[in-house]
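Inspection log for the structure reproduced underneath, given as structure tokens.
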Amino acid sequence: MKVKLLRHTTDPELLCGAAALTSTKIGRPSEILENIDSETAKRIIKRVTGYEHVSVIEHASFTFSIEGVSRTMTHQLVRHRVASYTQQSQRYVTYDTPEKYVTPPSITKNTRVKEIFDDALEKISETYQKLLKAGIPKEDARFILPNAAKTNIIVTMNARELQHFCNLRCCARAQWEIREVATEMLKQAKKAAPALFENAGPACILRGYCAEGKMKPPECNIEELRKRFRNL
Ligand SMILES: Cc1cc2nc3c(=O)[nH]c(=O)nc-3n(C[C@H](O)[C@H](O)[C@H](O)COP(=O)(O)OP(=O)(O)OC[C@H]3O[C@@H](n4cnc5c(N)ncnc54)[C@H](O)[C@@H]3O)c2cc1C
């Protein structure tokens, strides 16, 4: 799996800070942006998002390339509707690369189980190739492909949506692959705009308690998570 922040809005914090000041200053947004400094922008972002005036951070966008992940992961990712996606198409791309599938760690660490998994995937690959050879178009041959099939996707989220996505998907209750992707996205976004993502991470670290009830993983510790995500 590889996650790479490809592009983001130029000076995301200055822009969001200027947007926030636009609501209270008499000056034009263009002038405010020209004159705002980094410390003021950070201070304003913290203040206004603190009282839920969060639309100001929608002006900053972040585009990631997410490579070599499973279709299981991307199926969950695209449920986040306030984002833009472009995914490698199984209608046009043939599944014939040597590294076609993602293997979950729970399977990798068990040699006997991994053999069962690999055998099944090998059979699927053979059947897929047979279908193509029989003249079945890729868009139909792909019906045999599993959730483990590797894919690439490009995603753009604004800072508000990225925070929300991390609230849900950096949580220990999220599935391991999307949790790894979300944590890496946050790490890279935080480097580009630390003030925008200062308190980002699983929702519990801001909320102060876990909302998962009986589903809360026993190993979860909010203080440890808070420290980990602060220092990401
Ligand atoms: C641990 C976990 C387990 C899950 N299990 C399942 C499952 O078993 N089955 C399943 O189907 N899904 C499951 N999901 C997916 C979940 O139900 C959401 O579809 C997904 O997390 C996207 O969240 P969202 O709607 O908040 O995000 P987004 O789609 O990104 O939306 C962001 C926010 O915009 C607002 N919004 C967006 N669209 C609308 C709308 N149409 N109406 C009103 N407000 C809107 C909401 O405030 C929303 O929170 C799971 C998610 C998690 C994190």
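Some observations on this one:
- Solvent-free Debye scattering, log10 I(q)/I(0), computed from the Cα coordinates of the chain at q = 0.08, 0.11, 0.17 Å⁻¹: -0.40, -0.68, -1.20
- C-alpha center-to-center spacing [region 2-55, region 178-222] in angstrom: 23 Å
- Relative contact order [Cα under 8 Å, 6+ residues apart], the chain, whole percent: 24 percent
- When the helices of the chain are scored as -39500 (n - 2.57) per DSSP H run of n ≥ 4 and the total is divided over every residue, the value at 222 nm lands at -14000 deg cm²/dmol.
None of the figures in this text is laboratory data; all of them are computed from the coordinates on show. Here the structure is a predicted model, which is why all the values come from computation and not from measurement.
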